[in-house]
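Structure first, commentary second.
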Amino acid sequence: MNTCTKFILALCVSLLSTSLVAQIPVSDIFNIVINNICIIRTLPATTITMNMTVPQAGKPVATVVNANTYLQLTSIAPLNETRKVSTIISTGTRPSGTTLTLAVSPCTSGAGALGNTYTIVLTMESSQTIIDGIGSCYTGIATANGYKMTYTWAADIPNYSLINATSGSNPITITHTISLASEDSPWIDPLLPSR
Amino acid sequence: MSRTYYILIFCILLSVRLGYVSAQDNNTVKIPIQMTIQPMASLSLAGSENSLSSNQIKGASQILRLNSKGQFWINYSSVVDNNTFNNICVNIVSGDVPAEIAIKLKIGSDVGAGMGKVGKPSAPIYLSIQPQAIITEIGSCFTGTGPNKGHLLTYSWELQPGANFDLKSLESQNIEVGVMYTISSGE
C-alpha cells in the first residue's frame, strides 16, 4: 500500500465519519395535511312524490308540501374561503301554472360555520343560492341531521288557466351543487394536479 | 428495476386521479321528484233554500218547488288535459210536471271570484229529462265556494200558451221536480 492509497483511504474514512456524525442529531419533521373537503348528500335519498288534488268544488288545487328530506354536508375550507350550495331544476319541466318553492331551514345539528339559508322559487333557467357562508363544518349524518328542505308545490293563481293535467306523472330532477362562494366555477382541490 | 418504478408511479397517479373524480361526484346531489295532477272536475250548489244533495264528486242534485226561491249559485273546480274542456249539464231526474208548465233556467256569467279559464254560459233553457249543456268550455279553473261565487242560476215556472189554469192554482199540489247538475269532459 503506497502513501497515496493510504491517504485516499483515510479521506474516505473521515468523510464517512463526518456523514455519520451528521446523521445523529436527526429531528422529525411532521407534515400535517388537512385536505380541502366539501361533500354533500341528501337523506333519505329517495324520490319525492307530490300529488295535486282539489279539496272541494269551487276551490283551487291544494298546495302540496314535502318536508321529509335533509341536506347533509361536510366542509373543510381554506382560511377566508366560504362555500355555497346552489340549486336548479336540471332535468324535466315544472308543470305550467304552478310554482315549486324550496325553503331551507338552518342546520341545528353538527358544528362549525354552517352558513345562512334561503327560500327560493325553483327554476329551470338559473341556479340559485340556498345556503351560503359555509366554512369548515359538518352537519351530522343521522336522520333529521342537516338542513331541512321544505318543497312546496302550489298553483300559480294568476296563471291558473295554464295548469294541465299531467299524463301519468311528471318527473323532474333537482340538482344541488356545493361550490366556491365567490364564483360559480366548481371548486378544485389545489393539492391535486390540474387537468 | 426502473420498470418497477414506472409502474409504481403510474399506480400512484391513477389513484390520485380516481380520488379526484369521486370527490367531484360528491359536490353535487340529485333529487328526483314525481309531480302529478290528475284531470278532475267537481261542482256544488250554494245559496238556495231548496234541499240540495251533499257535495258530490261529479254532480249535485236539487229539488225545485213552485213556491221556492228561484235563484242559487253554482260553484265548480276543474283541471283539464291540454286543449280539452269540461261542460256542465242539467236534466230533470224526478217529479211530474204538468205538460202545460215549463221550467226556464237562466245562466249568468261567472262573477270572477275565482281564477283560470271559467266556462261560458249558454242561452236560457227549458229543463227536460234530456241533459242540456248550460256552461261549456271549462278549462282549468276554480270559481270560489259559497253564494255570490261562480254563476248565478235563475229558474222560473212558465205556463205554456193555451193553459186553462194559472200557477197559483197549482201551489196546493206541492209539485216537486228533482234536477241533477253534472260536470264532465266535453267530448
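The numbers here are math on the coordinates, done by the rules we state, and not lab data. Model, not experiment: these values are computed from the prediction. Cβ placement follows ideal geometry from the backbone for every residue including glycine, while neighbour counts extend to all protein chains displayed.
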key: FRET efficiency, B:Lys69 to A:Ala154 (Cβ-Cβ, R0 25 Å, nearest 0.05)   = 0.10
request  = Enumerate the lysines that B:Lys117 could reach by cross-link, defined here as Cα to Cα under 29 Å, with residues fewer than 8 away along the same chain left out.
outcome  = A:Lys59, B:Lys58, B:Lys104, B:Lys106, B:Lys149
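Just need the relative contact order of the range B:40-185 here, percent rounded to a whole number, with Cα pairs under 8 Å and 6+ apart. Intermediate results must be reported in sequence, preceding the final value.
Working: 382 pairs, mean separation 53.0, N = 146.
Here the relative contact order equals 36 percent.
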